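Below is one structure, written out as structure tokens, with a few remarks after it.
The values are calculated or read from the model by the stated rules, or taken from the named source; none is laboratory data. Keep in mind the model is a prediction, meaning the values are calculated, not measured. Here Cβ is always computed from backbone atoms with ideal geometry, including for glycine, and neighbour counts include all displayed protein chains. Surface accessibility is based on the protein's heavy atoms, side chains included, excluding ligands, DNA and RNA. Shrake-Rupley method; radii C 1.70, N 1.55, O 1.52, S 1.80 Å.
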Amino acid sequence: MSKGPLATLKVIEFSGLGPAPLVGQLLADLGADVVTIDREFAPADKTDINRRGKRSVVLNLKSDAGLSAARLLVAQGDVVIEGFRPGVMERLGLGPDACPDTVIYARMTGWGQDGPWSHTAGHDINYLALTGALHAMGDGGAPPVPPMNLVADYGGGTMFLIFGVLAAVIERGVSGKGQVVDAAMVDGVPAMMGLIYGMLAQGTWSEQRAQNWLDGAAPFYRCYTCADGKFVSVGALEPQFYAILLEKLHMPAEYAVTQNDRSTWAERTREFAEIFVRQSRDAWADLFEGTDACIAPVLTFSEAANHLHMAARKNLVRPDDVLQSATAPRFSRFNPSASQPVTGKGAETQSILEGLGLSAGEIAAASKKTP
């Protein structure tokens, strides 16, 4: 079995929170050797899913010995990942200028490495707010609703840093040189919004919330409450799919003619709501099973693992009884492990530092807290 398409990639990750650790996890899922530099020793926590597949070394970066070990470790890596505010790594003497010129230095922030707000604290909701995307989410008569932290942190952040890292790896194969990858969530979120910007330019997207195709206003693209208080999702955007939806719900076929007439949307939404509330979520799911009406039950996290499609693909697994994703995406010549281990913080300190040629005394000095 292949170790994965990234088996030759050596990654050094400075331990943090949020989107940067997920970058390391996803690279490790695909076979990269990811070493996390942690601040203190701690036992393994099987619920800390973002640590799966990684090795860990504890270094005291406030000591000369710890900094020296970190520099040695970085010098042996292909990629460095850090998610601190701009300037933090430079003050430690571990910024890009301290690395060999072959290292790809991957930086994750919300605001970016420069700009008036670059040193200001923030979270997903703030980054999403500044891009305009948050304003478009939620009911029209209420404040915007944040989509958990999936869009800015993990969509505009994690995924764009991975994209940048792998692009830099390809370019290094040509130039022989590494470079800094600056992944800012306020850059990544707009980059995902080409469709919306296009509709804005065409005049087909309103900046008023809940007035558009994809924001819950359209009766054929929203969720409805069922008889049991659960929900179904309806995504019948295309006319041929909308026609099937109307047929299965025994609604007039001529409604298809006015599908995109916004003046009909409020009344159609009311009609759909009155129909969907008559049966349970699972009854509707059974009725639409195998059709192209684009109907799916809205499942909880725990229900998702048992759905017939999700279960068939085995894309949710339970190593150590902790529900989590299997490796994604899939490869024809790579059969990933569904349960890479989560080791304790510092569990590989001895072996990693011995591999750098450090003596027992030097290892103790590098990983011990300063009094």
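Of note:
- Any hit, segment 88-96, residues being under 20 Å from the mean Cα position of the chain (by Cα), surrounded by fewer than 20 Cβ atoms within 10 Å (Cβ to Cβ) and farther than 21 Å from Pro147 by Cβ: no
- Selection within segment 174-186: residues that are out of contact with any Pro (no Cβ under 9 Å at 6 or more places or on another chain) and within 25 Å of Thr102 (Cα to Cα). The member of this set that is most open to solvent (accessible area, probe 1.4 Å) is Val174.
- Pairs, first closer than 19 Å to Ser325 by Cα in segment 33-49, second among the acidic types (Asp, Glu), C-beta under 7 Å, six or more apart: Val34/Glu13; Lys46/Asp320
- Qualifying residue in segment 206-221 (condition: over 28 Å from Ala283 (Cα atoms), part of a helix (DSSP H, G or I) and open to solvent by less than 50 Å² (accessible area, probe 1.4 Å)): no
- Filtered residue count, segment 131-144, keeping only those that are open to solvent by 80 Å² or more (accessible area, probe 1.4 Å), at pLDDT 95 or above and under 19 Å from Trp205 (Cβ atoms): 1
- Condition met for Ile104 (β-branched (Val, Ile, Thr) and open to solvent by less than 40 Å² (accessible area, probe 1.4 Å)): yes
- Out of Thr269, Thr291, Thr264, sole residue that is open to solvent by less than 60 Å² (accessible area, probe 1.4 Å), in contact with a helix residue (DSSP H, G or I) (Cβ under 7 Å, 6 or more places away or on another chain) and either under 21 Å from Thr47 (Cβ atoms) or part of a helix (DSSP H, G or I) (or both): Thr264
- Tally, over segment 107-126, of residues that are closer than 22 Å to Gly194 by Cα and open to solvent by 20 Å² or more (accessible area, probe 1.4 Å): 3
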